[in-house]
Amino acid sequence: MVALLVSLPGEIQIMTWILLLLLSAACLQAGNSAGSNRENAFGVKQPTRLSGVQGSSIEIPFTFYFPGELAEDPQMRILWRWKHFHGEFIYNSTPLFVHEHFKNRLILNWTQPQTAGVLRILNLKKKDQTVYFCRVHLNTKEGMKIIQSIPGTQLTITHPIRTTMQSPSMVTSAVTTAGLEDTEDQRNPSLVNLGATVGVVVATAVLITPVYVLMVFLWWKQRPAD
């Protein structure tokens, strides 16, 4: 490239050097801008998808990053939204706020000035199936920053696995029903007792009659003749 420039006429050679210097300066400025963008980057990271079982609990981890340094009083706050990016707030760390739907079911495991934490949802319900967005407010030496996850975390709720074992109440009910069905074909207890009594009388008569006839026959044989 240098040999080519030397072989060019004087005026053209000067113009070429000027163009090369301008191009180098532009590339250097572009490189500095890219580095500046990386230094000024900020955002919130959280899992894209999670799945939980209805009635159990689940944890949504999050981390966040920001440019510059924190102020002496960072005033950091963690907030959570649901359903969509501009959805309703369900949690605020300061002042503490919990949405009525999640009353006594949200626990934030995070302490200022940590840049990572976990949101735990207890006793999962079917209506909890939606997207959740973490939002961070913090005060830096460059001023107040507000950061929020863009894609959020899609939470899927599944039904618990049911066992085939019957409950005690069902077993008791089945036994009671079977007992009632067995007694449906039985006769009235008083009729049963009467039938049994008649049977005993008849059997006794059958056994006694031959003995009585034999006694009469022997008596007749032994009586004196007239």
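The values are calculated or read from the model by the stated rules, or taken from the named source; none is laboratory data. Just so it is clear, the structure is predicted and the values come from calculations on it, not from any experiment. For neighbour counting, all protein chains shown are included, and Cβ atoms are generated from backbone atoms with ideal geometry for every residue, glycine included. Only protein heavy atoms, including side chains, enter the accessible area calculation; ligands, DNA and RNA are left aside. Shrake-Rupley method; radii C 1.70, N 1.55, O 1.52, S 1.80 Å.
A few points about this structure:
- Separation of region 108-124 and region 56-104, taken as the distance between their Cα centroids, equals 8 angstrom.
- A Förster radius of 22 Å, combined with the Cβ-Cβ distance separating ALA116 from SER51, puts the computed FRET efficiency at roughly 0.50.
- Per residue solvent-accessible surface (Å²) - region 120-159, probe of 1.4 Å: 48 Å²
- Those residues of region 62-93 whose amide nitrogen sits under 16 Å from the label point placed on MET144, 7 Å along Cα→Cβ: 71-79, 93
- An ellipsoid equivalent to region 48-147, defined through the eigenvalues of its Cα gyration tensor, has semi-axes of 27, 13, 12 Å when rounded to whole angstrom and sorted largest first.
- Number of Lys-Lys pairs in region 38-127 with C-alpha atoms under 23 Å apart and a separation of 8 or more places or on different chains: 8.
- Percent accessible area from carbon and sulfur atoms, region 49-170, protein chains only, probe 1.4 Å: 54 percent
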